[in-house]
1. Whole percent per 20 Å bin, from 0 to the bin with the longest distance: what is P(r) over all C-alpha pairs of the chain?
2. Relative contact order for the chain using alpha-carbon pairs under 8 Å, separation at least 6, rounded to a whole percent?
3. In terms of modelled amide H atoms, which long-range or inter-chain residues lie less than 5 Å from the amide H of Ala305?
4. Rounded to whole Å and ordered largest first, report the semi-axes of the equivalent ellipsoid of region 70-111 derived from its Cα gyration tensor (root of 5λ).
5. Springs between alpha-carbon pairs under 10 angstrom, Gaussian network model over the chain: which of Ala31, Ala278, Ala94 fluctuates most?
6. Enumerate the calculated ³J(HN,Hα) couplings along region 23-38 in order (Karplus 6.51 cos²θ - 1.76 cosθ + 1.60, θ = phi - 60°), each rounded to whole Hz, writing x wherever the residue is Gly or Pro.
7. Averaged over all directions, how much area does the convex hull of the C-alpha atoms of region 167-295 cover when projected, in nm²?
8. Can you tell me, using C-alpha contacts under 8 Å and at least 6 residues apart, the relative contact order of region 16-82 as a whole percent?
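Just so it is clear, none of the values below were taken in a lab; they were calculated from the coordinates. For clarity, every value in this text was computed on a predicted model and none was experimentally measured.
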Amino acid sequence: MATAELYTEFASAQARGESACYLAWAQGVAADRELLGLLAQLPEPKRQPNLLFAAARYTGIAPAPFADFRAALLASWPQVRSVMMMRRTQTNEAARCAPLLPLLAALPQPLALLEVGASAGLCLYPDRFGYRYGNLPPLAPASGPGAAVISCAIEGPVPVPAALPEVVWRAGIDLNPLDVSNPADVRWLETLIWPEQDDRRRRLAAAMALARADPPYLVAGDLNDKIGDVASQAPDDATLVIFHTSVLGYLDAAGRSAFTTTVRDLPGYWISNEIPSAVAFGSLPPSPDPTRLLSVLAQDGRPVAYAGLHGQDLHWFA
Ligand SMILES: C[S@@+](CC[C@H](N)C(=O)[O-])C[C@H]1O[C@@H](n2cnc3c(N)ncnc32)[C@H](O)[C@@H]1O
């Protein structure tokens with residue numbers, strides 16, 4: 001996709017209604033030849049709106065009208081460029097546990113969780129958060145309200161569980177696992193949250209505190225290279241669940257195809273929550289909101305629901 005189109009689509013399908021700042025910045029970049037020219041000098045995967053905007057804010061550019069953003073970006077392009085080259089979009093959103101939970105809770109317990117593309121591993125604690133699905137009574141761990149309470153709007157016959165799953169093992173694989181005890185990684189995770197989203201910032205802080213107190217087992221490497229070995233380390237007396245959210249879009253077609261072949265051959269269950277273009281589904285029901293980019297939740301390749309990209313809503317169709 002051409003870079004201008006990437007920014008136009010990000011503005012309309014992702015930022016609209018979520019971040020007025022990023023909406024204006026993305027629309028501005030899409031129409032700005034000089035900025036598009038700078039982005040064209042970067043490798044294609046480095047041209048993403050989320051990466052540019054997070055890198056700009058990481059170097060100190062504050063949320064502001066587009067004209068001010070543009071001036072600041074041009075003035076500090078070498079620094080922004082260097083952050084874009086060094087970092088990747090590793091947004092770690094614990095609220096993505098909300099779409100996963102109904103599937104996880106319905107599997108034979110206890111669970112051994114293996115997340116590929118885990119970032120800092122904050123989605124590996126679905127049993128440690130509280131949940132509020134629509135207007136239903138809250139769901140919480142037996143020990144208390146949970147590290148954070150995740151709210152998720154629901155539509156359709158969502159099989160909201162009566163109890164949280166029991167997790168006895170958690171492991172993650174990432175090209176670059178982020179460490180919630182490392183101040184630079186923490187600041188990058190914070191900067192990846194869009195400017196107006198204070199709820200998400202609070203949840204990130206709570207999830208990072210949880211991970212600091214009980215660090216996840218994270219393995220560095222490509223998911224296709226590591227998955228077999230890490231899966232073999234899962235305990236035999238628990239149900240292995242391999243899952244991923246917002247990851248396969250970063251792989252090329254060969255990488256995605258290799259992964260789906262491998263995962264289908266491994267023992268256990270496979271849960272995916274990815275944008276429709278990242279997983280080859282035969283057909284999908286119409287989106288509940290064609291103006292937004294939604295992800296598709298699926299178990300073992302069978303799609304069951306659409307979900308907001310940050311786990312904020314769940315539209316069940318299975
Ligand atoms: C957008 S983040 C999502 C993180 C987490 N799954 C979540 O939903 O909060 C995508 C993650 O996938 C990782 N990733 C991308 N390609 C990968 C690959 N080939 N192997 C392992 N990890 C990969 C990135 O490093 C990044 O941390």
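1. Whole-percent P(r) values from 0 Å outward: 32, 59, 8.
2. Worked out over the chain, it gives 19 percent.
3. The list, which skips near neighbours in sequence, is Leu297, Phe317.
4. Square roots of five times the eigenvalues give 42, 11, 5 Å.
5. It is Ala31.
6. 4, 5, 5, 5, 5, x, 4, 4, 10, 10, 4, 5, 5, 4, x, 5
7. 9.9 nm²
8. In percent, rounded to a whole number, it is 33.
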